[in-house]
1. Just to check your reading of the model, which residue among C:LEU170, C:LEU216, C:LEU123 is more than 14 Å from chain A (Cβ to nearest Cβ), buried (at least 18 other Cβ atoms within 10 Å of the Cβ) and within 17 Å of the chain's Cα centre (by Cα)?
2. If the requirement is being out of contact with any Asp or Glu (no Cβ under 7 Å at 6 or more places or on another chain), surrounded by fewer than 21 Cβ atoms within 10 Å (Cβ to Cβ) and closer than 20 Å to B:LEU359 by Cα, which of these qualifies: B:ILE78, B:ILE102?
3. More than 10 Å from every other protein chain (Cβ to nearest Cβ), buried (at least 24 other Cβ atoms within 10 Å of the Cβ) and within 13 Å of the chain's Cα centre (by Cα): is that true of C:GLY33 in this structure?
4. Looking only at segment A:166-189, decide whether some residue is more than 14 Å from chain C (Cβ to nearest Cβ), part of a helix (DSSP H, G or I) and of a type in the set (A, V, I, L, M, F, W, C).
5. Answer yes or no: is there a residue in segment B:119-126 that is under 30 Å from B:GLU374 (Cα atoms) and more than 9 Å from every other protein chain (Cβ to nearest Cβ).
6. Just one of B:ALA50, B:ALA89 is in a helix (DSSP H, G or I) and at pLDDT 85 or above; which is it?
7. Just to verify a result, which residue in segment B:65-118, among those that are of a type in the set (Asp, Glu) and within 14 Å of another protein chain (Cβ to nearest Cβ), is farthest from B:LYS337 (Cα to Cα)?
8. With respect to the numbered conditions (1) facing chain B (nearest Cβ under 10 Å); (2) modelled with pLDDT under 90, which one is the sole condition not fulfilled by C:PHE224?
Amino acid sequence: MAQPQLQQPNAAPGIDQSGASPSFREWTQGRTGRRAFLFVILAFGLCFPFIFPNEGIIDAAANALAFAILALGLNIVVGFAGLLDLGYAAFFAIGAYAYGIFASHQVQPEWWGFWEPFQWLGFVQHIEEAGGPGTVHLTVSFWLMLPISAIIAALFGVLFGAPTLRLKGDYLAIVTLGFGEIVPIVARNTPYLTNGAMGLNGVSSPSLFGYDFGIKSTPFFYLGLALAALLVFVSIRLKDSRIGRAWLAIREDEIAAEAMGVNRVKLKLLAFATGAGFAGVTGTFYVAKLQTATPEMFTFPVSVMLLVMIVLGGIGSVAGVVLGALLLQLLQSWFLQDLTQWIHAFGNFTGIEFFQKLDLVQSIELIFGVILVLMMRFRRQGLIPERAAVSALSHAQQTAVPTRGAIQNALAPLRRRAIDPNKALLEIRGLKKSFGGIQAVRGIDLDVMPGSIVGIIGPNGSGKTTFFNLITGLTRPEGGKVLLAGEDVTGLPPHRIVERGIARTFQNLRLFANMSLMENALVGAHTRTSTGAIGAVLRTPHVRREEESSRARVLEVISIFGNRLMPRIQHLAKTLSYANRRRLEIARALVSEPVLLLLDEPTAGMNPTETLELTDQIRHLRDRGVTVLMIEHKLAVVNEIADKVIVLDYGEKIAEGTPREVHSNKEVLRAYLGRSTDEIAKAAAAS
Amino acid sequence: MIAAAKLRREQLVRDVNEVMIMKQSRHTRRTFNIAAVAGVAALAGAGDFAVVQAQQKVVKVGVTLPLTGADADDASKIQHGFQIAIDEANAKGGVAGYKIEIVTYDSGTATAGQYDPAQAATNTKKLISDPQVVANLGPQMSGEGKAMTPILSEADLATITPSSTNPDITNPKMAGQFRPKGKPIYFRTVTTDAFQGPNMANFYSQTLKVKSVYVLDDAGAYGVGIADAFQKQAEKNGIKIVGRDQLNPKEADYTTILTKIKGLNPDALYYGGVAQAGVKLAKQAYDVIPKMPKGGGDGIQGGSFFTGVGWPAVEGWYSTNAGPHLTDDPAAAAFLKTFTEKYKQQPTDYAITAYDGALVVLDAIKRVAESGKEVNRTNVRDAMQTSNLKTLQGVISFDENGDIKDRTVSVFQYKRDNKVPADDYQHQQTYVGTAPQS
Amino acid sequence: MSSWEILLQQVINGVSLGAMYSLLALGFTMVYGIIELINFAHFNVFMVGSFIALWVMHALGFFGQSDVLYGLPLVGVLLFVLIVTMLGTGLLGAVIERYGLRALRNVSGTAPMITTIGISYILYNLILLGVSAETINYANPMPPVRWEIGGVVLRLREVLLWAVSILLMLALHYFVRRTKMGKAMQATAQDQEAARMMGVDVDRVVLITFFLGSALAGAAGFIFGLYYNYTNFAIGYTAGLRAFTAAVLGGIGNLPGAMLGGVLIGLIESLGGQYLEVRWTDVIIFSILVLVLVFRPTGLLGRAAPTKS
C-alpha cells in the first residue's frame, strides 16, 4: 500500500513538502504568503495618493477601482456560476440612476404633507418657493444609498433573471444583451426621472461627518479602495463556501449539480442578484463622483469591456479580475494617451510611418477584440488562473487508516431515518415516458425492499437510464407514480429528490472536472446543509461548525474507499483515474445521506480487480442499510450481489426475479440474443 | 504501488510546473508594471524638467476635445482652429513675451464611441494639477462640459468653448451645480440652444410661414435639447406640433417614421440632432417626402452631413449656426486660406469660432501681463470676463454668465450651385439670413 | 393619404424591412442549426460584405447614384458584384471558422461565444480604423423606378430585395435538402458524433456551413447598400440584433422560420412605429425576444428544442 501523502497545512495542493521548509515561491502560494502579499498591496493602496499627488491620476485610479468592483460582480455571474451576462452594464445604470433619483435635483415633486415624515428623517428637503407650496428636493444620504442601490439592483437582477435563467447559455447571453440595451433606452426616454440624454443635473455629493467630498478625487479614491476591499472579501468568502461550491458545480455541470441537490434556479438567481448588487453599489459611487450620468455611459461596449477585463484577468479568479480591471481601465484613461505619444516618438525616431500614425486610444476596442480571441484560444484561464480555494487537510486526517468501524460512522446518518423494513422503500407504478414518437419507458412497475440490492439489466436502448432519469426527476414522467417510503415523489425536481433521500451516479460520469475531489464530494452535502450567502460571508460559528461537519462527513465517506481517494483529496477531479472517478461519483452521492442509491453502471470500464473491489464495497453498503438500485451490464456482478433482478427491453419489464431465475427466462434470452432458444434456456437452467 | 507513486510524482511535476509558470508570469508582469510606472514617472518628470530648461517664459493652455469617436472629425477641425491662432501668436514671439504651449487631452474613448464624461473629468483633473496651465480651450460637446465645469470652477480655471450650446451650464439657476464657486468659468463664442432652437422656430413661422411641423430628435444630449427648445417656441408662435418622435442613430431604416410623417402631412419637418442619424434621415426623406421643407440645427451644418447625404437628397435642407455667418466674410478669407493650405480640408464655422475663442484667451493673457499682474488662472479668468475683442465674428464680449452677448443665429440652405464643384461644402450653402430673435 | 393607404404603405415598408432581416437571419440560423453556436461575428461579416461590394463597384467605375443602368447590363453588373462579394465574405467566414473557432469546437461553456464576440469586435474596428468612420454614400446603378398606386409607393429596390431574399432562401433550401453536402449538413446538425461515424467529414461540413452562411451575409450586405444607398462600420450592430430576434422568433435552425420571423419583425417595426412611437421599437423587439425565449424557445416553426446545455 502506498503511503498517503504528507502535506503541511500551508502548502499548495499537490506539492510534495516532505518536511522541507517551503521555498519563497511556495511560501507565497500558502496562506501566510498570500496574506503578506495582500498586506503589501493594501499598504500601497493607502499610500497611493501620497506617492502620486496628481489629482488626475488619483481620479483615474478611483475610476479604476470602480471598474474593479464591477469586474468582481461580473465575475460572480460569469466566473463563479458560469452564466454569460452580456448586459451587465444595465445594473450599473440602475445603481447610478437610483442615486440620481433619490439624491439630486432631478425629481422635484410638489411639496405636500406626505413628505413631512421624510423631511424629519432627513431624506428630503423642502425648497420654499414664493407663492407656492414649494418643491421636494430628495436628499437621501449617499451612505444609505450605497446598500439601497445594491438592493434595488439585486431586485432588478431577480426580475430579469427569473424568466430567463432557465435558458441555455447562448440564449441567456442574448437575452441579457437585450436587457442591457433596454435599460439605457428606458433611461433616455424617461426624462422626468433621468433627464434623458442630457444627463443628470444636481447630484448630491457625499459628506462624511461634515466633510464634503465635493469633486475632490482623494476621498473618492479611499472610498473606492474601501469598497473594493470589502467586495473582494465578500467574493472570497462566497467562493469558499457552500454557496460558492454550488455555483462552481452549476458552472461545471448543471445537470449533475441539480442531481446532487443544488437548486439550480435559486442559485442562479442568487448569483445574478449578487452580481447585480455589486454593480448597483458601483453605479451610486460612480455617479456621486462624476456628478452626472448619461445613458451612453451604460451601453453594450461597457458590458463587453467588463467581459474583456475578466477574461484577461482570469475568469473565476478574484485577484485576476481585479488585476484585469485595474490594468485595462488605467490603461484606457491614464496610460493610453501617453503610450500613444511614446509610440509616435518612437515612430519619428525610427521613421516608421505606421508608428507615427498609430492612435491607441481609438484602437482600444480592436485591442479588446484581439484580447478576447487570443485569450480564449491560448490561455482560457487568464493571467491569474482561478485556483479553487481549498483548505488543506492535516497530516493526522490524511494518514488515518480506514477501519471497518469508520465505515459504520460514515453511514450512521442513514440510520437516523426510520424506515419500515417490511414495506417497500421504493414503489414504482406504471412509469411512462416517450420522446417524440418513441416510447422509451412503457409502464414499469417495481418494488424495492429496504436493504436490498436490485439489479436492472437489459440490452442497449431498453430505457434503463431513462428509467433512472424518471425516478430522479431529470426527466418528467408522462404517467405513473414513484413513491419513496410511501411518499409520492413523482416528477419532483432533482434537487428535491435528493432531499428526500435518493441519490444517483451517472453512466457517463458527471463530475465537476475543475473542482477538487473534496469539493466534488462537498457538493453532495449541499442538501444536508443550509448556509446561505450571508452566512457564507459572515462565517459565524454556526456556519463554521456546519462546514467542519460537512468536511468530516466527506472524509468518512471517502475513507470507505481507503487510500484510493483519500491521498488525492486535493486533486482536481479531471486528474483522477477512470476507476477513481467512478468511486468519487459514488462517494459524492453517499455524502448526501441517501436511503436509496441509484448506480448507473458503476463498474463500467473497471478491470476485474477493481470490479471485484467495488462489488464488495456495494455489498458492504447494503449490509449497512443502504438500499441500492443498480444498472449493470456485467452479469457476474449482478449475480454476485443482487437480491433481485429486473430485465428491461424496449421500455418494458420483461422479467423479474432472482438472478438465477432471470437467466433462464426465455424472454430475457430472446431479448439479448435476438431469438428464442429453448435449448439454451434449458442449458442455462442446468448450470 | 510503484505505478501509483509514479503517477503521483508526475502529477507533482505538473503541479510544480504550473506554479512555476504562474510565478514566472507574475514575476514578469510585476517587473513590467514597475518598469511601466517608473517609465511614466520619469517621463512626467522629464517633461517638467525640459520646460524649466527652456528658460523662456512659458504659459500653458489646455485643449480638451473628443478626438476619438463619432465627433472626432469635427473636433479635429476645431483643434486646427485653436492651433492656427496659437501658432500665429507664437510666430510673433509669443504674447507679451510669453510663449504659448498647448496641452491636449482627448475626452473621447472608443468604448463610449464618443465623448466620455468620466474621461473628460479625469482629463480636467490632470489639467488643473499643472500650475502652468492658465486657461483652457474647449470642450466641443455639452455633455463633457457638464462633467468638467465643477472641477474648473473649483480651480478657477476658465475655458472657452466654440460649440457647446446646452444652456444649462451657464444658467445662473444651476450655478450651484456647475460653478460652485460662483464665478463664471465657461465662456462661449457661440450662443446657446436657448436661442438656436427658438430662433429657428421664429424663422419657420415668420419667414417660411409654416403652420404645422413634425419634430424629430436623435436621442443625443444636443439633439433632444435643441428639439425641445424649438418645439417650445414653435408652440408659442402658434405652430401646431403634429408629432414628436425620436430616431435611433444606430438604426438604418427610417421609412416607418417618414411614412407616418407623410401621412400626417405637416407643413415642415424639424430635426434636432447630428449627422449620424441626420444623413440617413435626409437620404430617405428625399424618397418619401421630397417636397416637404426640412430643417435642423448646427448638428447638420458640418461637412459630414453634406458629404454623407450627397445630391440631390441634401437639396433644400435648412440649417442654423449659433453665430453670425462667417466664411464669406473677407476677414475670414485669410483664415480660410491658412486653414485649407495647412490642413488640406475645409473648415467649418466652428473652426472659426474656435479660432476666435483662442484669440480671446490670448488677448486675456496679454492684458494680464501688460497690467503687471501675475499671469495666473484667476487673473486670466477675470480678464476673459471683461473681453471686448474684435475677432472674425465681430466684437466678442460676454454677459455675467459667460455667454456671448451676440445672440445671432444664422440660417443656411443647401442649394446646388452648378458653378462650383459638387463637393465644395463651403459654397454649396446659401446664407439665407439671421433667424429672428424672440 | 388615407388611413388605408398609410396602412398599406407601412405594410410594404414592414415586409421590405423584414426581407432584409430575413436575409441576414438566414445565414445566422443555418450556422446555429448545424453547430449550435451563436456567431456574433456574422453581423459584422455582413458589414464587411457591404464594403467589399462597394469596392468592387468602385473598381468597375461606379460612384454614387448618378450612373444608372437598365435591363441586361444592370442585371449583369449586379450579379457580378453579388457573386464576387459572396465569394469574398464566404472566404472570410471560412477563415474565421478554421483559425478562430475550430480549436474551440468541443469546448463547452462560454468560450466559443466569447471568441465570436472578439472576432466581431475585430472586424468592426478594422473597418472603423482601417477604412473610415464616415457614413459612405453607396455606388448604385439602379434606376430610381417607382410605382405609385394612389398614395402608396413601391420601389424597384424593394422588389429587388424581396426577389433576392426569396431566391437565396430557395437556393439554400434546395442545397440543404437535395444535395449530398446538404444532407451531410443535416446529419451533422442532428448528431455530430453519429454523422462522423457514418463517414461524414464533420470538419469540412462545418467549414462549408460557415462559408455558405457568410456568403449569405455578404449578399445581404450588398443588398443593404443598394437599398439604403449608404454603408458604414456600424450597420451590423442594430440590424444584427433585429435579425437575431427574427431567427429566434421563426425558430432557430429553421430556414423558412428565418424568413417568417424576419417579415414579422419588420411588420412589428413598421406598424409599431406608425401606431405607437418609433422610439420604443427597440424595447418592443427585445421584449418579444425575451418572451419568445421564455415561453416558446422553439420559435414559431421550430422543431426540437436546442439540445446543447
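The values are calculated or read from the model by the stated rules, or taken from the named source; none is laboratory data. It should be emphasised that the depicted structure is a prediction, and the values quoted were computed from it without experimental measurement. Neighbour counts run over all protein chains shown; Cβ positions are idealised from the backbone, glycine included.
1. C:LEU216
2. Answer to the check: B:ILE102.
3. The answer is no for C:GLY33.
4. Scanning segment A:166-189 turns up no residue that is more than 14 Å from chain C (Cβ to nearest Cβ), part of a helix (DSSP H, G or I) and of a type in the set (A, V, I, L, M, F, W, C).
5. Yes, segment B:119-126 contains a residue that is under 30 Å from B:GLU374 (Cα atoms) and more than 9 Å from every other protein chain (Cβ to nearest Cβ).
6. After ruling out the rest, the residue left standing is B:ALA89.
7. B:ASP116
8. (2)
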